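Engineer: Take this structure first; my questions come after.
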Amino acid sequence: METRIARYLADEMGSAEREQFELQLLSDDQLSDELQKSIASWELSASHNDSEKVFDADAAWNKVSGQLTIERQLNPEKTRFSFLKIAATIILVATAGFLVLRYSDVASTSDVPVFVASSTHVEEMELPDGSVIRLNANSSISYNETFGEDNRNVTLIGGANFDVQRNEDLPFIISTANSEVEVLGTSFEVMAYEDESVEVNVTSGKVGFKSTKAKGEPAVLEAGDRAVLSADGTEMQKAKTKNMNYAAWWTRKLEFDNVKLSEIAKDLEKTYWVDIEVSQSVANCKASLYVNNQTLEQALEVLQATFPSTLKVTTDKENHIKLDGIACND
């Protein structure tokens, strides 16, 4: 742990490793505490050498907190972290980033990155250009302080929904591990969790989507289009969006019309961040139902009511649900 903290504060981590480390701060109290101790020790030591250099933690937080909104805070089941804990971690990350730049002379103040991460709930924030981002659970996004001035570049790990303010002179660019999404102004969603395929769904406008690992022109996606890039960045598939439940993780709206139970379970997993095991006996049972801004328990009640005599729903461990029962008649 000490070695990782030392490498982090010395700015010896790559961008992907650094963002993963910062995201881990949200769930690892011991790591967070140790980093705070290291920062405090570093700051105290530095104060003896240069009394004129003073770090204002409040100012660092204010740069980030003003862009966060919690009116649209949607909590998946068994939320473990509060907004205050996330806020404290963002302060910590801002502090650490400030110290790295201050004592390593790696970059100027204008290059300081702003980093925002979610834990187990959806974060909604407004960027300096007026664009709105809804950050899915277990995701992070970062951008430079010059965002909106000479660039609109962000780096995403995880999932996010974007409502981008139109600016024909300054494209909005999203970078992930193996891909890049470029827009002028539109509404769309990007799912780019580590070691998984990257998925883009477009609600309105046009989006350019390309692999940074393979040659070729960007795929142009329009409203209603969906594209999936393989995890290694070598293969892309484009099609019309058939399952409109892709946005349910923040809209909390799910609609199924004669859909297999195995497919329903997949959408419930993505929406509520749980693991659902479907037994073979009921996997092909079909149902039609509508879920609108309901909790997981309520959604499961609706599902069970659809099969009152055949479906059994049990929770055998935290965030793990099993669907079992009598095979349905074809």
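Engineer: Looking at the stretch 212-227, which of its residues are part of a strand (DSSP E or B) and over 24 Å from residue 138 (Cβ atoms)? Step through it out loud before you land on a result.
Structural biologist: We begin by selecting, within the stretch 212-227, every residue part of a strand (DSSP E or B); these are 219-222, 225-227.
If the condition is that a residue be part of a strand (DSSP E or B) and over 24 Å from residue 138 (Cβ atoms), then 219, 220, 221, 222, 225 are the ones that fit.
Yes or no, residue by residue, for (1) in contact (Cβ under 8 Å) with a residue 12 or more places away in the chain; (2) under 30 Å from residue 149 (Cα atoms):
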{"site": "167", "(1), (2)": "yes, yes"}
{"site": "171", "(1), (2)": "yes, yes"}
{"site": "176", "(1), (2)": "yes, yes"}
{"site": "181", "(1), (2)": "yes, yes"}
{"site": "196", "(1), (2)": "yes, no"}
{"site": "204", "(1), (2)": "yes, yes"}
{"site": "207", "(1), (2)": "yes, yes"}
{"site": "217", "(1), (2)": "no, yes"}
{"site": "256", "(1), (2)": "yes, no"}
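Engineer: If you don't mind, there's one more thing I want to ask. Taking the residues in the stretch 171-206 that are aliphatic (A, V, I, L, M) and over 18 Å from residue 136 (Cβ atoms) as candidates, determine which candidate is surrounded by the most Cβ atoms within 10 Å (Cβ to Cβ). Please lay out each step first, then the result.
Structural biologist: At the first step, the residues of the stretch 171-206 found to be aliphatic (A, V, I, L, M) are 173-174, 177, 181, 183-184, 190-192, 198, 200, 202.
Subset that is over 18 Å from residue 136 (Cβ atoms): 173, 183-184.
Numbers: 173: 15, 183: 24, 184: 18.
Ranking the qualifying residues of the stretch 171-206, first place goes to 183.
Engineer: On to the next question. For the stretch 300-329, which residues satisfy the criterion of being in a helix (DSSP H, G or I) and more than 15 Å from residue 262 (Cα to Cα)? Full working, then the answer.
Structural biologist: Filtering the stretch 300-329 down to residues in a helix (DSSP H, G or I) leaves 300-306.
Passing the criteria: 301, 302, 305.
Engineer: Would you pick out the residues in the stretch 156-169 that are touching a strand residue (DSSP E or B) at 6+ places or on another chain (Cβ under 7 Å) and either surrounded by fewer than 18 Cβ atoms within 10 Å (Cβ to Cβ) or over 15 Å from residue 199 (Cα atoms) (or both)?
Structural biologist: Quick first cut of the stretch 156-169, residues touching a strand residue (DSSP E or B) at 6+ places or on another chain (Cβ under 7 Å) only: 156-164.
Within the stretch 156-169, 163, 164 meet the criteria.
Engineer: Another question, then. Please enumerate the residues belonging to the stretch 312-327 that are out of contact with any Asp or Glu (no Cβ under 8 Å at 6 or more places or on another chain), touching a residue at least 40 places away in the same chain (Cβ under 8 Å) and either within 21 Å of residue 280 (Cβ to Cβ) or surrounded by 15 or more Cβ atoms within 10 Å (Cβ to Cβ) (or both).
Structural biologist: 324, 325, 326, 327
Engineer: From (1) in contact with a helix residue (DSSP H, G or I) (Cβ under 8 Å, 6 or more places away or on another chain); (2) more than 23 Å from residue 189 (Cβ to Cβ); (3) in contact (Cβ under 8 Å) with a residue 60 or more places away in the chain, pick out the condition that doesn't hold for residue 249.
Structural biologist: Unmet condition: (2).
A short reminder: the numbers here are calculations on the coordinates, not readings from a lab. All values derive from a computational prediction rather than experimental measurement. We place every Cβ from the backbone using ideal geometry, glycine too, and count neighbours over all the protein chains shown.
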